[in-house]
Amino acid sequence: MKNNAPSKYTFVELSFEKLLNIASSITLFLIGAIFITMFHSSLQAIREFGIGFITGSQWDPVADIFGALPFITGTLLTSFTALIISMVFSLSISIYISEYLNNGMFRSFLKSLIEIMAAIPSVIYGFWGLIFLVPLIRNLEMKIGVMPYGVGIFSASLVLAIMIIPYASAIIYEVMSMTPKDIKEAAYSLGANKYEVIKNIILPYVRTGIFAGIFLSLGRALGETMAVTMLIGNMNIIPENIFSPGNTLASVIVNEFAEASGDLYFSTLFEIGLILFLITLIINMAGSRIIKRMYRPAGEK
Amino acid sequence: MKILSVLIAIILIFPIVYGDSASAQETELLGAGATFAYPLYSKVFNIYYKSFGVRINYQSIGSGGGIRQMINKTVDFGATDVYMTEEEQRNAKAEVLHIPIVLGPVAVTYKLPDNPEIRLTPEVLSNIYLGNINKWDDPEIRRLNMGIVLPDMDIIVVRRSDGSGTTAIFTDYLTKVSEEWAQKVGTGKSVNWPSSLGAKGNEGVSGLVKQIPGSIGYVELAYAVQNLMPVARIQNKSGRFVVPSIESTSLALNIEILKDTKISLTNTDAVNGYPITGLTWVLIYKELEKVERDISRAEELVRLVWWMIHEGQKYAEVLDYAPLPKEAVLIAENILKTITYNNEPVFNRINR
């Protein structure tokens with residue numbers, strides 16, 4: 001038996017390691033393959049327009065003039081506006097659930113309710129936004145005297161903000177509940193009140209978790225297609241203000257891909273996809289750098 | 001173990017026995033293309049299956065996708081609202097025939113207080129879409145609509161955000177009636193729109209127009225009718241203000257039709273015709289041996305399209321499409337008769 005056991009374990013362990021190896025290389029290979037396909041398909045557009053594709057703001061499929069600047073600004077503007085709005089709510093929800101809610105049943109009910117928000121299809125969010133939110137925003141626009149479109153950057157951002165709340169709050173909640181009890185209790189015993197504990201102990205402790213939540217939800221916001229295309233107004237201009245209609249990278253792809261005729265037109269849509277891919281990549285890389293820099297042992301300032 | 005192997009054997013044998021007998025009786029034809037007439041296609045294909053046992057699998061992926069699949073020869077037939085360009089025809093490497101199926105009007109709908117019925121001339125409509133006219137009480141609109149109180153409201157222009165045959169018909173019309181439009185924008189399934197809101201699909205445009213006071217948009221007639229939305233009377237080439245309807249749409253085809261039916265039906269000379277009208281086609285290869293693996297599939301395909309331009313026409317009106325006028329059916333018949341399989345006309349075989 002004694003001779004048998006190690007060899008068996010080695011076999012299991014070895015095959016387990018191999019399995020993990022294969023699975024992760026397949027994933028890496030797929031990402032690489034997607035990138036190569038997109039790059040290859042966009043080559044024609046890259047050759048034709050060069051850097052002018054990113055700086056150009058005209059989109060004219062009839063004359064074969066393509067510039068993606070309106071879509072890039074639209075994507076960044078909606079995603080970051082949505083992020084700012086949603087962080088207020090996801091932070092408050094996480095703090096409330098982990099620190100103020102003592103009733104276990106209600107707490108798990110609230111938690112699963114927020115998780116369900118992530119499972120709602122985005123077309124439902126878009127539809128709800130169109131039916132319910134857009135008329136309200138139109139009233140607001142009439143009061144402040146801008147063109148009462150209703151749809152636009154602001155409407156899209158608002159619905160996006162709601163959609164990404166569960167992504168950030170799930171992570172932030174988890175890291176908050178991992179704050180060591182003894183540190184919290186030490187603070188309480190020194191006479192700190194709840195607000196002081198949250199501000200001085202918990203929030204500094206979960207900084208990295210908050211940033212991880214931010215980048216996860218930002219990635220989701222950048223790529224969201226259906227709800228945004230229903231609410232943004234699909235106007236191919238660089239937005240003048242937060243209420244103005246616009247368009248995003250993902251939304252122009254979903255709108256024009258099916259009927260794109262002509263090779264160059266087709267290729268530009270692939271380049272749009274490539275730009276979206278790169279923006280997401282850059283933001284995520286920047287994110288992990290920030291998190292790495294911030295990561296210091298708890299309590300240190 | 002024994003049970004398992006018996007089960008596996010059954011699972012393996014079952015489709016062979018069952019599947020074979022099923023496919024012997026049942027042919028399945030594959031089609032792909034336009035969304036414009038999809039409601040009609042899904043209706044008539046279902047009826048055709050019930051009557052003749054031939055299943056038709058139609059994917060409404062858009063005209064562009066339908067043409068791409070035709071070129072790749074992955075479908076038996078395509079469907080499109082815009083006839084194939086010469087480049088596409090060249091890519092197909094074999095002659096593709098266009099068989100007209102139905103006509104569809106594109107209605108101009110709007111949202112104004114009290115739902116008045118307004119009239120528009122081609123000039124005013126194109127100026128609205130160009131952004132030259134941007135108030136509802138503009139003298140140009142008022143002049144056409146005496147007796148209607150038009151509000152001092154901004155006009156909010158709505159159009160399709162997705163590439164679509166409906167847009168191609170509408171912009172084809174505007175290109176014909178306005179020189180400024182022809183120069184600045186032109187015709188296409190997606191164009192460089194002057195300032196206007198985009199919404200996805202007919203349902204998106206009708207949804208947005210219904211919601212925004214002062215908005216104007218274009219949709220297939222069916223969507224305006226089903227949503228009880230007002231439609232504008234448009235002045236046609238002979239000076240009459242025509243309301244879009246099945247009748248006025250069919251009348252638009254009262255002109256000389258080219259033998260290959262590749263014609264544009266916007267702004268035609270037809271006296272009582274509605275001017276913003278489009279034709280939708282089914283695409284078939286002329287020499288069917290290029291796509292079909294045997295003659296019986298070729299026969300089924302020709303039989304299907306023959307049925308669509310005859311018996312199938314009666315389902316059009318219920319769904320707000322205009323059936324083909326008699327002359328157009330005759331032309332479509334003649335095109336179908338030219339289809340061959342290994343140089344033998346397929347029509348002669350199905351008629352035996």
Check your understanding: Rounded to the nearest 5, what % of the DSSP beta bridges within region B:105-278 are antiparallel ones?
Key -> 60
Practice item. Rounded to whole Hz and in sequence order, give me ³J(HN,Hα) for region A:31-46 from the Karplus expression 6.51 cos²θ - 1.76 cosθ + 1.60, θ = phi - 60°, writing x for Gly and Pro. Key: 4, x, 5, 4, 4, 5, 4, 5, 5, 4, 5, 8, 3, 4, 5, 4
Check your understanding: Once the Cα atoms of helix A:69-95 and of chain A are each reduced to a long axis, what angle between those two axes, in degrees from 0 to 90 to the nearest 10, is obtained?
Key -> 30
Revision key, fill the gap. extent check for chain A: Cα max minus min per principal axis, descending, whole Å, gives 72, 65, 36
Check your understanding: How well do other chains shield peptide A:56-63, expressed as the mean number of their Cβ atoms within 10 Å of each residue Cβ?
Key -> 4
Practice item. Over region B:196-318, give the accessible area per residue in Å² for a 1.4 Å probe, as an integer. Key: 37
Check your understanding: Mean separation of Cα pairs under 8 Å and 6+ residues apart, divided by the residue count of chain A: what relative contact order is that in percent?
Key -> 27
Practice item. Could you list the residues of region B:158-192 with an amide nitrogen less than 13 Å from a label point located 7 Å from the Cα of B:F241 in the Cα-to-C-beta direction? Key: none
Review point. Is there a simple number for the mean count of other chain Cβ atoms within 10 Å of the Cβ of residues in A:258-269, and what is it?
Key: 6
Study note, to complete from the structure: Rounded to the nearest 10 degrees, the helix B:295-309 long axis (Cα) sits at an angle to the longest Cα principal axis of chain B of 30
Study note, to complete from the structure: Buried by partner chains in region A:117-149 (accessible area down by at least 20 Å² vs chain alone, 1.4 Å probe, heavy atoms, protein only) are A:L130, A:R138, A:M147, A:P148, A:Y149
Point to revise | For region A:52-295: accessible area per residue (Å², 1.4 Å) | key: 45
Point to revise | FRET efficiency, 1/(1 + (r/R0)^6) with R0 51 Å, evaluated for B:E203 and A:I290 via beta carbons | key: 0.75
Point to revise | Square roots of five times the Cα gyration tensor eigenvalues for chain B, Å | key: 43, 23, 18
Revision key, fill the gap. Working note, the protein assembly as shown: Cα radius of gyration (Å, one decimal) and Dmax (Å, whole number) are 30.2, 103
Review point. Dividing the alpha-carbon radius of gyration of region A:1-158 by 2.2 N^0.38 Å (N being the number of residues), what value is obtained?
Key: 1.70
**Study point:** Equivalent-ellipsoid semi-axes of region B:156-226, from the Cα gyration tensor, Å, largest first
**Key:** 20, 13, 11
**Study point:** Carbon + sulfur, % of accessible area of the protein assembly as shown - ligands and nucleic acids excluded, 1.4 Å
**Key:** 61
Practice item. Let me know the charge dipole size of the protein assembly as shown about its Cα centre in debye, to the nearest 20, where only the beta-carbon of Lys, Arg (+1) and Asp, Glu (-1) is charged. Key: 1920
Exercise for review: Using a 1.4 Å probe on the heavy atoms of the protein chains only, list every residue of region B:151-199 that has 50 Å² or more less accessible area in the complete assembly than in its chain alone.
Suggested key: B:I156, B:S161, B:S190, B:N192, B:L197
Review point. What quantity of accessible surface, computed with a 1.4 Å probe and excluding non-protein components, is buried in total between chains B and A, in Å² to the nearest 100?
Key: 2300
Review point. Long-range amide H contacts for B:I133: which residues qualify at under 5 Å (H placed 1.01 Å from N, peptide plane, sequence gap of 5 or more or a different chain)?
Key: B:I128
Point to revise | Equivalent ellipsoid dimensions for region B:105-278 as semi-axes, Å, which come from the Cα gyration tensor, largest first | key: 23, 18, 16
Point to revise | Top positive-direction residue, dipole computed over region B:105-278 with Cβ charges, set B:S126, B:A222, B:G147 | key: B:A222
Review point. Can you list the HN-Hα couplings for region B:120-128, worked out from phi with the Karplus curve (6.51, -1.76, 1.60; θ = phi - 60°), rounded to whole Hz and with x for Gly and Pro?
Key: 9, 9, x, 5, 5, 4, 5, 5, 5
Check your understanding: Whose amide H sits under 5 Å from the amide H of B:A107, counting only residues 5 or more places off or on another chain, with H placed in the peptide plane?
Key -> B:V219, B:E220, B:L221
Practice item. Report the antiparallel proportion of the DSSP beta bridges in the protein assembly as shown as a percent, rounded to a multiple of 5. Key: 60
Practice item. Determine, from the Cβ-Cβ distance of B:N227 and B:E117 and an R0 of 25 Å, the FRET efficiency 1/(1 + (r/R0)^6), rounded to the nearest 0.05. Key: 0.95
Practice item. With everything on Cα atoms, drop me the angle between helix A:134-144 and the longest principal axis of chain A, reported from 0 to 90° to the nearest 10. Key: 70
Practice item. Report, by chain and number, residues whose modeled amide H sits under 5 Å from the one on B:S215, excluding near sequence neighbours (fewer than 5 apart, same chain). Key: B:K111, B:I156
Revision key, fill the gap. In this structure, the FRET efficiency calculated for A:I34 and B:N132 from their beta-carbon separation, with R0 = 30 Å, to the nearest 0.05, is 0.10
Check your understanding: Per residue, how many Å² of accessible area does region B:57-97 show with a 1.4 Å probe?
Key -> 44
Point to revise | Computed label-point distance, nm, for sites B:N334 and A:S177 using a 7 Å Cα→Cβ extension | key: 7.7
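The values are calculated or read from the model by the stated rules, or taken from the named source; none is laboratory data. Small disclaimer: the values here were computed from a predicted structure and weren't measured. All Cβ positions, even for glycine, are placed from backbone atoms using ideal geometry, and neighbour counts span all protein chains on display. Areas reflect the complete protein model, heavy atoms only, side chains present, ligands, DNA and RNA absent. Shrake-Rupley method; radii C 1.70, N 1.55, O 1.52, S 1.80 Å.
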